[in-house]
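Below: one structure, written as structure tokens.
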Amino acid sequence: MSGGRARVAASILDADLSNLEYAVRRVEKNGGDRIHLDVMDAHFVPNLTFGAKTIKHLRPRTELPFDAHLMVDEPGRFLDEYLDAGCDSITLHVEIEEPLEPTLRRIREAGRAAGLAVKPGTPLAALEPYAELLDIVMVMTVEPGFGGQSFMRDVAREKILPAREVLRHKSFGGEVHVDGGVNRETAEFVGALGADILVVGSALFVKGRDMGREVRLIRALADEGYQFQLNDGRPPIPRDQMVRFTALPQHLARELMGTIEAGGIPVIMLRSDGRMNPDGVRDYDLLVPATAEALVTERHAGDREDYARRADAWRDTFAEPAESRRQ
Ligand code: DX5
Ligand code: ZN
């Protein structure tokens, strides 16, 4: 995995479909971050690809996460099979007629990420009724159905940045995916709009092209766009980087960790090389994702002060003379 922010999900639609094992291994070897699986049923889109059974057979062939993109009319009917196949995330289309809510709930109950995709002509407003059930918003910048089409710049400009708003309930870990026509010509533009996951198909499977270089180039261009358009020229923070929010004696650290995590933000508690306490145990660091640091500070700056005071009071109890403690 790269140090930057943007991630490349390789769509294997344009790989040699007679040898998908080779395709996923090649993506892994060349530094792709995920496999994007385009399932088509010849009804929702005028094309047919593969289904849950193929995905299940592919699952043990690579360690990379699987994002399933279901371009099908009836995802609910076969959902158990996609869950059983080992998909890490499942994204449906908001335009289908069957009820979306039960399917989205089932995906989440199974511990996977749930997503909704929007075709180029569908407004983001269509996602609002389901916003709270979403981990992923997938903005399609081509008409679904085929790889190798050209990128719809106006659709990207209109939707990618606002797509983040749909995920506002997720303080951490929500993802905006961009699917269709992403390559070295368009990666900087989508990065500048804050896309997290770039789905890249045909650009990776051009004959004679060095796939690894293409992956690195696309990620770097997306991060470049992000840095200079959205992040005041500062390099993007890698998604998995953790920073110290505070350090406290163990029992207090544990308590504050619970409070922060109750708000949906993961915390790591680590024995630090910091202050030695009178009981002979050093303070523990509470680490939070760098990308959520501002939010944690906004919510818990007051707690941080309170806990620091409680820590001092607790340390003072050790300093009391033995006599007063005995009472
Ligand atoms: C289109 C698919 C895309 C597509 C991406 O229906 O959802 O994932 O394969 O391929 P490129 O990058 O070639 O547009
Ligand atoms: Zn797709």
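The values are calculated or read from the model by the stated rules, or taken from the named source; none is laboratory data. Since the model is a prediction, treat every value here as computed from it, not as a measurement. We place every Cβ from the backbone using ideal geometry, glycine too, and count neighbours over all the protein chains shown. For the accessible areas, the whole protein counts, side chains as well, though only heavy atoms, and no ligand, DNA or RNA atoms are used. Shrake-Rupley method; radii C 1.70, N 1.55, O 1.52, S 1.80 Å.
Summary table below
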item: Selection from segment 216-249 of residues that are within 16 Å of ligand 1 (Cβ to nearest atom) and either among the hydroxyl-bearing types (Ser, Thr, Tyr) or out of contact with any Ser or Thr (no Cβ under 7 Å at 6 or more places or on another chain) (or both); result: Leu217, Ile218, Leu221, Ala222
item: Residue check, Tyr22 free of Cβ contacts under 8 Å to residues at least 12 places away in the same chain, open to solvent by 10 Å² or more (accessible area, probe 1.4 Å) and hydroxyl-bearing (Ser, Thr, Tyr); result: yes
item: Residue in segment 227-238 that is over 15 Å from the mean Cα position of the chain (by Cα), open to solvent by less than 50 Å² (accessible area, probe 1.4 Å) and closer than 23 Å to Ala23 by Cβ present; result: no
item: Wholly enclosed helices (runs of 4 or more DSSP H) of segment 217-327 bearing at least 1 residues within 25 Å of Gly194 (Cβ to Cβ) and in contact with a strand residue (DSSP E or B) (Cβ under 8 Å, 6 or more places away or on another chain); result: 250-261, 293-319
item: Count of segment 195-215 residues which are away from ligand 1 (no atom under 11 Å from the Cβ) and surrounded by fewer than 22 Cβ atoms within 10 Å (Cβ to Cβ); result: 7
item: Unmet criterion (only one of (1) within 15 Å of Thr291 (Cα to Cα); (2) touching a residue at least 60 places away in the same chain (Cβ under 8 Å); (3) in a helix (DSSP H, G or I)) for Ser171; result: (3)
item: Count of segment 25-60 residues which are within 30 Å of Ile96 (Cα to Cα), in a helix (DSSP H, G or I) and open to solvent by 40 Å² or more (accessible area, probe 1.4 Å); result: 5
item: Qualifying positions in segment 238-292 - more than 23 Å from Thr317 (Cα to Cα), in contact (Cβ under 8 Å) with a residue 40 or more places away in the chain and among the charged types (D, E, K, R); result: Arg239, Asp240, Arg244
item: Neighbours by Cβ (under 9 Å, 6+ apart or cross-chain): first from segment 39-56, away from ligand 2 (no atom under 15 Å from the Cβ); second among the charged types (D, E, K, R); result: His43/Asp73; His43/Glu74; Ala52/Asp80; Ala52/Glu81; Ala52/Asp84; Lys53/Glu81; Lys56/Glu81; Lys56/Asp84
item: Counted residues, segment 188-209 - those being hydrophobic (A, V, I, L, M, F, W, C) and within 16 Å of ligand 2 (Cβ to nearest atom); result: 9
item: Count of segment 3-19 residues which are in a loop (DSSP other than H, G, I, E, B) and surrounded by 24 or more Cβ atoms within 10 Å (Cβ to Cβ); result: 1
item: Residue match in segment 297-317 (condition: within 27 Å of Gly4 (Cα to Cα), loosely packed, with under 14 Cβ neighbours inside 10 Å and among the hydroxyl-bearing types (Ser, Thr, Tyr)); result: yes
item: Pairs where the first residue, in segment 63-81, is under 26 Å from Lys29 (Cα atoms) and away from ligand 2 (no atom under 12 Å from the Cβ) and the second is part of a helix (DSSP H, G or I) and modelled with pLDDT under 95, C-beta under 9 Å, 6+ apart; result: none
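Table: residues versus (1) of a type in the set (D, E, K, R); (2) under 21 Å from the mean Cα position of the chain (by Cα); (3) away from ligand 1 (no atom under 14 Å from the Cβ).
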position: Glu98; (1), (2), (3): yes, no, yes
position: Val118; (1), (2), (3): no, yes, no
position: Glu128; (1), (2), (3): yes, yes, yes
position: Leu134; (1), (2), (3): no, yes, yes
position: Met140; (1), (2), (3): no, yes, no
position: Val166; (1), (2), (3): no, yes, yes
position: Val178; (1), (2), (3): no, yes, no
position: Asn183; (1), (2), (3): no, yes, no
